[in-house]
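Each remark here refers to the structure printed beneath this line.
The values are calculated or read from the model by the stated rules, or taken from the named source; none is laboratory data. As the structure is a prediction and not an experimental result, all values here were calculated from the model. For neighbour counting, all protein chains shown are included, and Cβ atoms are generated from backbone atoms with ideal geometry for every residue, glycine included. For accessibility, only protein heavy atoms count, side chains too; no ligands or nucleic acids. Shrake-Rupley method; radii C 1.70, N 1.55, O 1.52, S 1.80 Å.
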Amino acid sequence: MEKIRKEFPVLRKGIYANTAVYGLLYDSLLDWRQEHDLDFLIDGSDMRERSLKVISETRSAIGKFFNCKRDNVALVTNFSSSLNILLEGLDANKKVLLVNDDYPSLNWSFENRGFDVSYVSMAVDLEERINEAVVGGNIDVLALSLVQWMDGFAIDLEFLKKLKKENPDLIIIVDGTQFCGSANFDFENSGIDVLGASAYKWLLAGYGNGFMLFSDQVKNCFSINNIGFNAADGDYDKKNNIRFAKKFEPGHLSSLIFGSLKYSIDFFERIGMDKITAHNHKLSKKAKTEFEKMGLLSERIVQRKEHSTIFNIKADKATFQKLKDNDVFCAQRGEGVRLSFHFYNTEAEIDAIVNILKNG
């Protein structure tokens, strides 16, 4: 990974433990973006066919990367906007289960539409609580983040798969923004019906791009009225024959923005997602062990077998400032400081953060 680290200029300024806020841009992506815009500058409208090809290739790359059928991939500007479009097509009488204190854009989108909403509280046995609520509450829709934004609590993916198998009519909608790009993921075999994600965090693709992935069966559960000429591929005759995923793409898409996403997916594949997954797992174990020794983690995180690479440590404003003064990129979240690590981080950087916390 040391060679790859050279791609990221920010790493020369300090320890970047803030991917949960913003994933880093890198040299080769910047080179691609500059070349792309230079082509537009020189070729003008002659670039159009190439730009359409970039959009098409991005859809294919996402489908392959996450094992989702290409026709079930929607290219969207961000998770929040696409979720709002989706929920406009959901029967308002559906009973919905949410997680307390989940990402606001997720929960608010349901709460603001008057669905019959119930909640489970975050706890070490979250999966058990969800199962009990689904079985006992006649729940139609479960919506939650795969990784919690505040403290990195990671849902057990095997649990979701089992839950769907035992409750085939349950619609499972997830926010993958704090997960996608951090580890291997197989959508087709996940039991999840809808996965949405913004790609500027763990996929390192910059602002303005994301995606929605849909299972085959879930498309019959929503009535989407969103429409536009781009959704019909600029073909008048396709107005009444637009596939489900394309209804999330009513207008033109930027080949620069979505090409950046494809470039990052290709970048990840060159590194190897198995390698990235293993490295991030190692960082997670290391950070959890060290922060637990110092008593900086909540009990619900300590007692979990698996965790993400996002940690919210018990720390006040003075500690936050101390980390910043020592060139650690991090964020204040809730009553603590959130640290988040990706494949460009090292175990030595975690040791350095521990030393700063201990000694200043």
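What is the sum of charges around Lys53, taking Lys and Arg as +1, Asp and Glu as -1, for the other residues whose C-beta is under 14 Å from the C-beta of Lys53?
Value of the local net charge: -2.
Sort out for me the Cα centre separation of the stretch 46-119 from the stretch 281-357, rounded to whole Å.
So the separation of the two Cα centres works out to 30 Å.
Whole-Hz ³J(HN,Hα) for each residue in the stretch 176-190, computed from phi via Karplus 6.51 cos²θ - 1.76 cosθ + 1.60 with θ = phi - 60°, x for glycine and proline: what do you get?
For the stretch 176-190, the Karplus-derived couplings read x, 4, 8, 10, 4, x, 8, 7, 4, 8, 10, 5, 4, 10, 8 Hz, x marking Gly and Pro.
Fully extended, how many nm does the chain gain between Val117 and Lys64 (0.36 nm per residue separation, minus their Cα-Cα distance)?
That pair, Val117 and Lys64, stretches by 15.6 nm at full extension.
Taking N as the number of residues in the chain, what value does Rg over Cα atoms divided by 2.2 N^0.38 Å take?
Ratio of Rg to 2.2 N^0.38 Å for the chain: 1.02.
Stokes-Einstein at 10 °C, 1.306 mPa s, Kirkwood radius from Cα pairs: D for the stretch 2-151 in µm² s⁻¹?
82 µm²/s
When the dipole is taken about the Cα centre of the chain, and only Lys, Arg (+1) and Asp, Glu (-1) are charged at their Cβ, what size is it in debye, to the nearest 20?
That gives the chain a dipole magnitude of about 500 debye.
With the Cα gyration tensor of the stretch 65-136 giving a ≥ b ≥ c as the square roots of its eigenvalues, does the rule (a/c under 1.5 for rounded; else a/b larger than b/c for prolate; else oblate) give rounded, prolate or oblate?
Here the stretch 65-136 falls in the prolate category.
With all protein chains present, how much of the accessible area of the chain (probe radius 1.4 Å) comes from carbon and sulfur, to the nearest whole percent?
48 percent
Give me the Å³ per residue figure for the convex hull around the C-alpha atoms of the stretch 170-262.
Roughly 106 Å³ of hull volume per residue.
Calculate the radius of gyration of the Cα atoms of the stretch 1-75 to one decimal place, then report Dmax, the largest Cα-Cα distance, as a whole number, both in Å.
Gyration radius and largest Cα-Cα distance of the stretch 1-75: 16.4, 43 Å.
Can you give the FRET efficiency to the nearest 0.05 for Asp31 and Met1, using r as the Cβ-Cβ distance and R₀ = 22 Å?
So, using R0 = 22 Å, E works out to roughly 0.60.
Any idea which of Phe244, Leu297, Tyr207 is furthest toward the positive side of the dipole for the stretch 201-304, if Lys and Arg beta-carbons carry +1 and Asp and Glu beta-carbons -1?
Leu297
Calculated from DSSP H runs of 4 or more alone, at -39500 (n - 2.57) each and per residue, what is the 222 nm mean residue ellipticity of the chain, nearest 500?
-12500 deg cm²/dmol
What is the percent of Cα-Cα separations in the stretch 156-220 that go past 19 Å?
The proportion of pairs with Cα distances above 19 Å equals 33 percent.
Highest first, please rank the peptides 123-135, 224-236 by the mean number of other Cβ atoms sitting within 10 Å of their residues.
Output ranking for 123-135, 224-236: 123-135, 224-236.
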